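So the structure is just underneath, and the comments pick up after that.
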Amino acid sequence: MATEQQTELQLYCHDTAAKAKRAAGELQLCSTESRNNWLRAAANVLRDGKELILEANARDIEAAPQFNLTNAQIDRLRLDVERIEGIAIALEDVANLPDPIGEVISSSIRPNGLDVKQVRVPLGVVFFIYESRPNVTADAAAICIKSGNAVILRGGKEAAHSSRALVDLISSVTAENNIPTDAVQLVSTTDRDAVGHFLHLNDFIDVAIPRGGEGLIRRVSDEATMPVIKHFEGNCHVYVDETADLDIAEKIVVNAKCQRMGVCNACESLLVHESIAAQAIPQIASALTEHEIEIRGDHVTCSLVENAIQASDSDYRSEFLGPIISIKTVSSLKEAVNHINSYGSHHTDAIVTKTPNSADYFTKAVDSAAVMVNASTRFNDGGEFGLGAEIGISTDKFHARGPCGLKELTSYKYIATGDGHVR
């Protein structure tokens with residue numbers, strides 16, 4: 001029986017991926033107008049179907065205790081009329097973004113008269129695995145279709161009813177807008193083995209994007225037979241340089257750490273130049289303590305902050321995702337950079353300084369997807385960077401790095417046009 005069930009699951013995954021591949025081929029021929037019209041129609045159908053969405057979401061909320069969700073997780077799962085309107089507006093915002101498909105990245109006329117263009121094209125089929133946030137279902141569908149990609153959505157079981165309602169509604173207006181009906185598919189099974197089957201279907205799926213906990217992302221990275229766009233951790237740093245304005249430094253650190261603690265671009269580690277430590281650390285630590293942040297620091301920090309706990313080496317490597325921060329003093333800008341490159345996760349790191357040369361060195365030497373100068377790490381976000389929508393943040397170097405918006409879900413092809421040219 002188990003073998004029969006596995007075979008049935010494999011066939012389901014294969015059929016879903018094959019349908020997505022066919023849809024991706026059709027999408028390549030869809031006009032910008034068709035994709036934008038679908039996005040706007042999808043926004044309106046979500047508004048019209050809000051009662052259906054709320055009913056489905058109520059079922060997810062009712063089942064939340066059996067999944068041991070925290071209050072914060074339940075809040076992210078919960079939908080109301082205002083949040084549904086926010087999802088609809090997000091779809092319209094994506095429709096208003098420039099279409100990346102068909103963009104001529106570069107062009108040249110060769111000496112022999114051959115016209116060579118590098119043109120932006122979709123990746124093809126995206127397999128997107130994500131946490132239990134219903135809005136992500138609609139956001140991912142929007143950004144994939146806008147960029148000409150078919151998408152297979154594998155959301156968390158905790159949001160299964162909400163995600164199904166959203167996908168059913170937005171899919172109901174595909175055909176009338178000349179979008180392939182299989183361009184957006186939601187995986188209908190909660191069987192964890194389905195993910196493994198999809199990850200071996202590289203003949204159909206062009207890229208996998210996991211968005212969730214480190215365990216999920218490592219599993220996808222280990223098992224995938226297609227490229228993966230990902231980041232494992234967000235151990236982000238703020239370095240307060242010796243010339244920093246301490247009031248600005250305090251404001252940046254508090255925002256980076258406390259605005260939202262459970263996100264990948266929150267600050268987890270604070271580095272302070274030793275020449276200003278006696279002033280900077282007590283001032284910043286006091287502000288953090290008002291937000292009930294636990295301080296884990298080196299011996300200098302512990303001597304300056306009464307309730308600080310001695311930090312271990314693992315603390316400097318940790319993504320806390322909660323009310324804890326590590327603090328370390330450094331003797332130089334170079335030491336700060338070396339610490340970040342050694343202990344960090346290459347996600348987002350910031351410097352607070354008045355010295356342009358220090359900022360220049362930091363931005364060149366820190367090997368991270370985003371580097372901030374006198375600004376919070378929380379700005380590493382597709383919307384904040386002007387990309388409009390994003391499907392995730394990557395710490396890879398191939399093929400995308402940083403916030404992944406529409407262009408990051410594309411590749412390119414060369415188109416050479418001649419007039420009977422032969423070589």
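The values are calculated or read from the model by the stated rules, or taken from the named source; none is laboratory data. What you see is a predicted model; the values in this text were computed from it and never measured. All Cβ positions, glycine included, derive from the backbone under ideal geometry; neighbour counts span all protein chains shown.
Looking only at strands (runs of 3 or more DSSP E) that fall completely inside the range 142-222, which ones have 3 or more residues that are over 26 Å from Ser345 (Cβ atoms) and modelled with pLDDT of 95 or more? Show your work before the answer.
Working: elements: 150-154, 184-186, 207-211.
Passing ranges, in order: 150-154, 184-186.
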Candidate set from the range 359-387 (those that are surrounded by fewer than 21 Cβ atoms within 10 Å (Cβ to Cβ) and touching a Leu at 6+ places or on another chain (Cβ under 8 Å)); member that is modelled with the lowest pLDDT: Leu387
Test: residue in the range 49-72 that is of a type in the set (A, V, I, L, M, F, W, C), surrounded by fewer than 14 Cβ atoms within 10 Å (Cβ to Cβ) and either in contact with a strand residue (DSSP E or B) (Cβ under 6 Å, 6 or more places away or on another chain) or more than 16 Å from Arg133 (Cβ to Cβ) (or both): no
Inter-residue pairs, beta-carbon under 8 Å, first in the same structural domain as Ala56 (by TED's automatic domain parsing) and over 23 Å from Asn36 (Cβ atoms) and in the range 158-170, second β-branched (Val, Ile, Thr) and surrounded by fewer than 21 Cβ atoms within 10 Å (Cβ to Cβ), 6+ apart: Ala160/Thr190
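Can you tell me which residue among Ser303, Ser318 is surrounded by fewer than 23 Cβ atoms within 10 Å (Cβ to Cβ) and more than 30 Å from Gly212 (Cβ to Cβ)? So that I can check it myself, show each step before the final result.
Details: Ser318 fails: more than 30 Å from Gly212 (Cβ to Cβ).
Result of the check over Ser303, Ser318: Ser303.
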From the options Val136, Val173, Val104, residue that is under 16 Å from Gly405 (Cβ atoms) and of a type in the set (A, V, I, L, M): Val136
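Suppose we filter Leu29, Leu46, Leu69, Leu39 for residues that are in a loop (DSSP other than H, G, I, E, B) and touching a residue at least 40 places away in the same chain (Cβ under 8 Å); which single one remains? So that I can check it myself, show each step before the final result.
Details: Leu29 fails: touching a residue at least 40 places away in the same chain (Cβ under 8 Å); Leu46 fails: in a loop (DSSP other than H, G, I, E, B); Leu39 fails: in a loop (DSSP other than H, G, I, E, B).
Result of the check over Leu29, Leu46, Leu69, Leu39: Leu69.
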Every residue from the range 397-408 that is touching a residue at least 40 places away in the same chain (Cβ under 8 Å) and surrounded by 18 or more Cβ atoms within 10 Å (Cβ to Cβ): Ala400, Cys404, Gly405, Leu406, Glu408
Qualifying residue in the range 49-56 (condition: in a loop (DSSP other than H, G, I, E, B), farther than 17 Å from Leu153 by Cβ and in the same structural domain as Gly124 (by TED's automatic domain parsing)): yes
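When the residues of the range 279-300 are filtered to those that are farther than 19 Å from Phe320 by Cα and polar (S, T, N, Q), which remaining residue is surrounded by the most Cβ atoms within 10 Å (Cβ to Cβ)? Break it down stepwise before answering.
As a first pass, look at the range 279-300 and keep what is farther than 19 Å from Phe320 by Cα: 279-283, 286, 299-300.
Next, from what is left, pick out any that are polar (S, T, N, Q): 279, 283, 286.
Values: Gln279: 12, Gln283: 16, Ser286: 11.
The extreme case among them is Gln283.
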